[in-house]
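Okay, structure first, notes after.
Throughout, read-outs are computed from the coordinates displayed, never taken from laboratory work. Model, not experiment: these values are computed from the prediction. FYI the Cβ positions are ideal-geometry reconstructions off the backbone, even for glycines, and counts take in every protein chain you see.
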Amino acid sequence: MSFAVPDPSPIRVRFAPSPTGLLHIGGVRTVLFNWLLANGQAPREGKPGAFILRIEDTDRNRFVPGAEEGILGVLRWFGVDWDEGPDVGGPHAPYRQSERTALYQAHAQALLAAGHAYRCFCTPERLQRVREEQQARKEPPGYDRFCRDLSPEQITTNLAAGLPFVIRFRMPLEGETAVHDLLRGEMLFQNENLEDLVLLKTDGYPTYHLANVVDDHEMEISHILRGAEWIPSAPLHLRLYDAFGWRAPLLAHMPLILAPGGGKLSKRHGSTSMEEFRSQGYLPEALMNYLALLGWSLDGTTEIFSKQDLLDKFTLERVSPSPGTFDYVKLRWTNQYYINHILELDDLTLRVMPFLAQAGLILPGPYDADHADFTRVRSATALLKDRLETLADAPELMSYFLAPELEPYDPALLIPKKMTRDDTLAALEAIAGLLAEVDLEDEAATEARFRALADSLGLKPGNLFMPIRAAVTGRTQSPGLFETLRVIGQERVRARVKEAIASLRAWVPAEPAAASV
RNA sequence: GCCCCCAUAGUCUAGCGGCCCAGGACGUCACCCUUUCAAGGUGAAGAUCGCGGGUUCGAAUCCCGCUGGGGGUACCA
């Protein structure tokens with residue numbers, strides 16, 4: 001008997017950040033697609049999937065202490081996990097390139113021995129000069145292969161003199177290299193345009209190119225999903241695999257993410273790092289949803305995807321090769337949508353609390369249902385979640401619910417359009433009277449009493465409601481008046497109305513713009 | 001300069017030869033709801049499918065050229 005045997009060849013993908021700073025949002029999108037391929041598409045196609053995290057810390061000059069921890073932390077927050085990595089280990093440990101230098105050195109030596117590489121003794125100064133001369137002559141800049149064919153005697157002499165050297169790859173001078181990209185098809189490169197790239201630096205550390213190829217092979221990576229900025233080095237890498245006699249992984253270059261005006265996304269346009277979006281109150285779920293749709297779509301119609309939806313639906317084949325512009329406005333909309341329609345109230349309350357604590361409106365954590373302010377925050381959140389675009393909007397929007405005292409406000413806000421100060425004062429006094437006998441917990445009854453009061457005063461309901469709203473919130477915009485009163489509570493409402501009356505009495509209207517002759 | 005990639009409304013996209021005088025979403029505008037502001041509902045405007053040639057009975061969809069945008073061009077990744 002026989003079964004339809006699924007292709008058991010595992011899909012092993014990796015994300016390989018260098019610890020030089022914060023995690024760029026473009027990198028996060030690449031992480032997401034890698035993660036979805038390994039954890040969603042692969043199992044659906046009957047293949048084992050694995051997502052590997054590897055730290056590419058071979059540039060000692062740009063290394064930033066703590067950056068690795070930051071990157072791992074923000075990825076966990078984002079909601080992805082990895083099967084192998086510097087913190088969890090795995091069959092191909094270590095996962096930090098600075099701890100694997102012997103491996104790269106051995107491979108560079110092997111290439112040297114096989115004649116696929118050579119020692120280059122050129123100084124940075126000479127390289128610099130060559131480049132300048134080439135530019136002056138309007139020639140394409142690039143290494144002039146000065147050391148490619150040094151005589152054995154010359155090399156011996158240089159080595160004996162202790163001259164520092166790098167190891168360069170001996171690139172074929174003619175022919176062409178075809179790069180097959182899963183999203184773009186075949187891309188052809190003329191070998192004469194490929195550089196003799198540096199594999200091993202003077203300091204003994206490998207360059208990205210060497211370390212990357214060696215590790216992807218050693219770690220049995222099956223698919224490389226990386227940013228499109230790597231397309232030009234793909235033929236270089238393929239030549240390297242070839243020289244080693246290895247089969248190269250499949251390649252898929254993710255479309256670039258551009259800034260609103262065009263060009264690279266940079267600080268000038270807004271936030272660019274995951275850490276910033278986090279501290280600005282974006283939800284990981286919303287970020288994931290937005291990022292997934294930047295370069296990928298299921299059907300062009302579905303807009304909201306949970307993490308599970310993405311695992312169920314993502315396919316690499318539907319990633320578009322064309323670059324996209326990062327739209328901060330749509331990200332805000334997505335975030336707002338999750339806050340208002342997706343998150344459970346308790347969950348949202350918990351997420352908003354750290355931002356409130358940071359603003360000094362509530363006590364610091366731990367944040368759970370036992371927190372002293374949980375219930376109050378929950379009530380306020382229920383009323384305001386429909387106008388929260390980010391969690392960071394919460395302190396400003398909720399202050400009048402949570403702070404005992406109102407921020408100072410202009411008493412003019414108390415006066416509705418087409419009403420005078422004296423009318424308003426009279427209205428507020430009537431309101432104060434009514435507040436003494438009304439139960440704010442009963443919204444419907446309260447509303448009925450206030451409507452009746454408006455009627456007896458000959459006021460449109462809106463003109464009675466606005467002075468209370470302003471008195472109680474210090475502003476002219478708020479959720480529904482009666483739910484707002486209920487949440488603020490009997491005692492504070494009465495006090496604030498009393499204060500409003502006092503401040504309006506003391507208030508001197510600004511000189512009206514002289515109704516000139 | 002040279003090499004390479006990309007090209008549907010302001011933006012993200014659906015479309016993979018006829019179902020498209022192009023569908024969805026954000027944004028914009030209008031109306032509805034309404035005690036304010038949101039949210040929500042309904043609707044509208046907005047795309048000569050970058051341009052020019054082909055191929056085909058038929059092209060947004062295939063081919064070529066051009067233009068535009070972007071990326072690369074380090075002992076950085």
Taking Cα atoms, the helix A:208-218 axis meets the longest principal axis of chain A at an angle in degrees (rounded to 10) of 80
Could you check what % of the DSSP bridge pairs in segment A:1-146 are antiparallel, to the nearest 5? 10
Setting aside same-chain residues fewer than 8 positions from A:Lys264, which lysines have a Cα under 20 Å from its Cα? A:Lys330
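Given a Förster distance of 51 angstrom, what is the FRET efficiency for A:Glu499 paired with A:Arg268, based on the Cβ-Cβ distance and rounded to 0.05? Numbers along the way, then the final one.
Working: r = 45 Å, r/R0 = 0.88.
With R0 = 51 Å, the Cβ-Cβ based efficiency is 0.70.
Checking the table A:Lys267/A:Lys307; A:Lys418/A:Lys460; A:Lys47/A:Lys313 against a 19 Å threshold on Cα-Cα, which pairs fail? Write down the numbers at each step before the final one.
Working: A:Lys267/A:Lys307 28 Å; A:Lys418/A:Lys460 11 Å; A:Lys47/A:Lys313 16 Å.
Pairs exceeding 19 Å: A:Lys267/A:Lys307.
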Pairwise label distance in nanometres, A:Trp230 with A:Leu258, each label 7 Å out on the Cα-Cβ vector: 2.3
To test your reading of the geometry: what angle, between 0 and 90 degrees and rounded to tens, separates the Cα axis of helix A:421-435 from the longest principal axis of chain A? 90
Free-standing Cys residues across chain A, given no other cysteine C-beta under 4.7 angstrom: A:Cys122
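Trypsin sites (Lys or Arg not before Pro), restricted to segment A:34-103: which are DSSP loop and have at most 13 other Cβ atoms within 10 Å?
Numbers: sites: A:Arg44, A:Arg54, A:Arg60, A:Arg62, A:Arg76, A:Arg96, A:Arg100; in loops: A:Arg54, A:Arg60, A:Arg62, A:Arg100.
Listed in order of number, the matching sites are A:Arg60, A:Arg62.
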